[in-house]
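Since every read-out is calculated from the coordinates, none of them should be taken as a lab result. Fair warning: this is a prediction, and the values are worked out from it, not measured in the lab. Here the Cβ positions follow ideal geometry from the backbone for every residue, glycine too, while neighbour counts run over all protein chains shown.
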Amino acid sequence: MSSGEKPKLSAIEHDSVGIQVANAQAPFIYYDFVTASGCTNGIVWLTLERSRHTLRDQQPIVDSVVACHMRMSLNAAHQLRKALEAVELAMARPTGTPN
């Protein structure tokens, strides 16, 4: 891309609203536990960890590692909570029930 070109953005349709994606290579974050959370100077923070299964000296080892350090505004934290609550409600519906 030359210095005068704008990066190409792709749009995802979501409830008939186009959402711009700046980086199609954004990571998918899988985690098992929220091991720390808090707020510092108005910034909400979460530490997400996941279980790791490996072998050491031919013996299985299970431990946990940090998968992500999240930082967000209080407004973003409220939006995240609302989204997770909506997912929980949808998952509680019997199979075959429309969203």
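Overview of values
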item: Sequence of Met70, Met91 once ranked by neighbouring C-beta atoms within 10 Å, starting from the fewest; result: Met91, Met70
item: Length added when fully stretched, Asp32-Ala83, from 0.36 nm per residue minus Cα-Cα; result: 16.6 nm
item: Residues whose placed amide H lies under 5 Å from that of Tyr31, excluding near-sequence neighbours; result: none
item: Gyration tensor (alpha-carbon) shape descriptor, the range 30-92, a/c threshold 1.5; result: oblate
item: Highest average packing first - 53-64, 77-88, Cβ atoms within 10 Å; result: 77-88, 53-64
item: Mean separation of Cα contacts under 8 Å (6+ apart) over length of the range 30-92, as relative contact order %; result: 27 percent
item: Computed label-point distance, nm, for sites Val66 and Thr95 using a 7 Å Cα→Cβ extension; result: 4.0 nm
item: For the range 45-61, Karplus couplings with θ = phi - 60° (6.51, -1.76, 1.60), whole Hz, Gly/Pro x; result: 10, 9, 10, 9, 10, 10, 6, 10, 10, 9, 10, 9, 6, 6, 10, x, 10
